[in-house]
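Notes to accompany the following structure.
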Amino acid sequence: MTAYYPVALDLRGRLCVVIGGGGVAERKVHGLLECNGRVRVIAPKASPKLRKMALDGLVNLEVRQYRTGDLAGAFLAMGATDDPQVNDAVFQEAQEKGILVNIADAPSRCNFILPATVRRGDLTIAINTGGKSPALARQIREDLEEQFPPEFSRHLEELACYRRLLRESLPDPARRETAWRGLMAGGLVGLLRRGENQKALGLVQDAVARAGDAR
């Protein structure tokens, strides 16, 4: 049984190669573009959506068969074809070149797997079942999407502002951490969820004042 090490990759400007041109490849490409990866797609046939992405300059599309050497310079590769031989060749080349590789629906042909994710601005929640139950990961993701609606991205920005205020007002890291933990336990996020931003700010200011008085 493989124990996967969870990481978050910085793909900005890095070459990511997707082999395949169907619906699975579309989903892979979409996720890579969300993270500002530099995407090259290679497939003998490409879906209309992938062709439009290429016309819009979002991806570099090469309409042809995969060839050994196509992963040169890649940081990450994904095999998303319905041809096991092609997928295996992609995996072998990636292994030889030390490239991160994921082959769709073939955990034994991956050195990383993709979690189900919920994205709310800079907040990313990932669910990984180690490949045991994608359906469970999907169900948990759907539950989390309800728990953290799209507007939660705004709350995250507000929390970042409050954190900066604490940093500027409380230079001592230990005192600052204690204040922040108290705010989170005291319902700060709940106030933001209910749209009570002024009360939330007041709670932060009170915490800063109390921490200052305790010095």
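Since every read-out is calculated from the coordinates, none of them should be taken as a lab result. Keep in mind that what you see is a predicted model, and the values were worked out from it rather than measured. Methodologically, a virtual Cβ is constructed for each residue, glycine included, from the backbone with ideal geometry; neighbour enumeration extends over all protein chains shown.
The table below gives the values:
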item	result
Residue in segment 124-134 that is charged (D, E, K, R), touching a strand residue (DSSP E or B) at 6+ places or on another chain (Cβ under 8 Å) and under 28 Å from GLY22 (Cα atoms) present	no
Residue in segment 174-184 that is more than 30 Å from ALA116 (Cα to Cα), touching a residue at least 40 places away in the same chain (Cβ under 8 Å) and assigned to a helix (DSSP H, G or I) present	yes
Residue in segment 27-35 that is assigned to a helix (DSSP H, G or I), surrounded by 12 or more Cβ atoms within 10 Å (Cβ to Cβ), in contact with a Ser or Thr (Cβ under 7 Å, 6 or more places away or on another chain) and charged (D, E, K, R) present	no
From the options THR129, THR117, residue that is of a type in the set (Ser, Thr, Tyr), within 18 Å of TYR4 (Cα to Cα) and part of a strand (DSSP E or B)	THR117
